[in-house]
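The values are calculated or read from the model by the stated rules, or taken from the named source; none is laboratory data. Nothing here was measured: the structure is a model prediction, and the numbers come from that model. No Cβ is skipped: glycine too gets one built from the backbone with ideal geometry, and neighbour counts run over all protein chains shown. We work out accessible area using only protein heavy atoms, side chains counted, and drop any ligands, DNA or RNA first. Shrake-Rupley method; radii C 1.70, N 1.55, O 1.52, S 1.80 Å.
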Amino acid sequence: MPGTSGTRRTPRGLETRSRILDSAAKLFYVKGVNATTLDDVRLASSTSKSQLYNHFEDKLALIHAVIDVRSKFVLAREEQRLRGVKTLTGLRRWRDALVQANSLQDGSYGCALGAMSIELSDNDEQSRQALNTSFDAWLRMLVETLTRLRVLGVLAEDADPQRLGTGLLAALQGGYVLAQNAHSSEPMAVALDMALDHIESFARS
């Protein structure tokens, strides 16, 4: 089991580790990675210093664990939403779910993975690689979805799933940033709509 010693964790120990990770993930998302201290995490998770350091030797170890947990959550969510998309209407529903979730917090905070990438990618290579792997997996899901639409005859043969998927993911992440600054999901909605409009220009008539 994960931990500083590599020893096997008890159920109580695993629960404590999970509580620390959950608290850290929420603080990193709302407050930011750099602005969050280990004391903040300790207080939020109701753990002692010895408990926290028993599971994570330092803040960087905690950051890496949060990236892993957040990545698994986001990718599982996206896999569930995209795997059944077989029409352009289904792709629009995927867009609607993302915009609706973003609007519930008035555009604040942005994408959990994107926000960490902005803070960490130029400062910690391990974090950059882990986040890049997650974005590659996210892009792969979009490319697979667009490829499926082309195979089903929804999109024309000259549609390039790789290029279209890259543009769609870029529009999504850029939309998150603009929505965060505007405290409104409207910029995100516009960015995604323009990317989807471009994809729909390849629709078979």
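Structure data summary
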read-out	value
Flag for V74 being under 30 Å from L146 (Cβ atoms), among the β-branched types (V, I, T), open to solvent by less than 60 Å² (accessible area, probe 1.4 Å) and at pLDDT 95 or above	yes
Top-ranked residue of the range 115-156 - restricted to ones that are surrounded by fewer than 19 Cβ atoms within 10 Å (Cβ to Cβ) and of a type in the set (G, A, S), ranked as farthest from K86 (Cα to Cα)	S121
Which listed residue is over 30 Å from L139 (Cβ atoms) and not hydroxyl-bearing (S, T, Y), from L38, L82	L38
Test: L75 is among the hydrophobic types (A, V, I, L, M, F, W, C) and more than 14 Å from the chain's Cα centre (by Cα)	no
Subset of the range 23-39 [closer than 11 Å to L52 by Cβ and open to solvent by less than 40 Å² (accessible area, probe 1.4 Å)]	S23, A24, L38
